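Structure record follows, encoded as structure tokens.
The values are calculated or read from the model by the stated rules, or taken from the named source; none is laboratory data. All figures in this text were calculated on a predicted structure; none of them were measured in a lab. Neighbour counts run over all protein chains shown; Cβ positions are idealised from the backbone, glycine included. For accessibility, only protein heavy atoms count, side chains too; no ligands or nucleic acids. Shrake-Rupley method; radii C 1.70, N 1.55, O 1.52, S 1.80 Å.
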Amino acid sequence: MARKNWIAVASAVHARRGCSVEVGGVGYMQVCHGKALPLKRVQAGDRVAYYAPTVTMGGKDRLQRFVSIGIVQPGGPYAFDMGGGFVPFRRDVAYVPAQEASILPLVPQFEFVESPARWGYKFRFGLFDISEADMRLIAQAMQADLAALQFQTIQPSGAGRICADSYILDSASHRGLQLSFPDI
């Protein structure tokens, strides 16, 4: 199964709590007020970035930043007793070191944003999948280690050659056309 990329939404206080583990340790993700069903859509190896619209849950303290990013670990959702009768479901995540980053400069570049005037619409769902290109933008803005997030790197091959010969499909005739890219 192909790796997916997710944005999870929580207050910064809650998101930071999930990734506040010792270096090399495993944190957790918890979404949609602890519901298990959304976490079942997420698979081991998927990437997740946490977006925090506010500092505190339900607060008016606007933040609008990505606060953590990591890779979902093996194992399904599990219940965790937080006390006081609250038993939310979680999934383990290996977070990577990153800097918090504002979403605002990224909005015009995101593929998932259908209307820049209503860019926040999808965040109401609490968890949604995004393209690899969008996740890469987030990771780069957060200055996260792309290798630690298991992104493919583009390695030059040969004498300055960027890409190997590539084929595209000519939609009019349905035949492959070979394209060669000059050495740059």
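To keep it simple, each residue is scored yes or no on (1) without any contact (Cβ under 8 Å) to a residue 12 or more places away in the chain; (2) farther than 15 Å from GLY76 by Cβ; (3) not charged (D, E, K, R).
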site	(1), (2), (3)
VAL26	no, no, yes
MET29	no, no, yes
ALA36	no, no, yes
ARG47	no, yes, no
ALA52	no, yes, yes
VAL55	no, yes, yes
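The set of residues from the range 124-145 being assigned to a helix (DSSP H, G or I) and open to solvent by 20 Å² or more (accessible area, probe 1.4 Å) comprises ARG124, PHE125, GLU132, ALA133, ARG136, LEU137, GLN140, ALA141. Applying the condition of being in a loop (DSSP other than H, G, I, E, B) and of a type in the set (A, V, I, L, M, F, W, C) to the range 34-44 and asking which residue is nearest to the chain's Cα centre (by Cα) yields VAL42.
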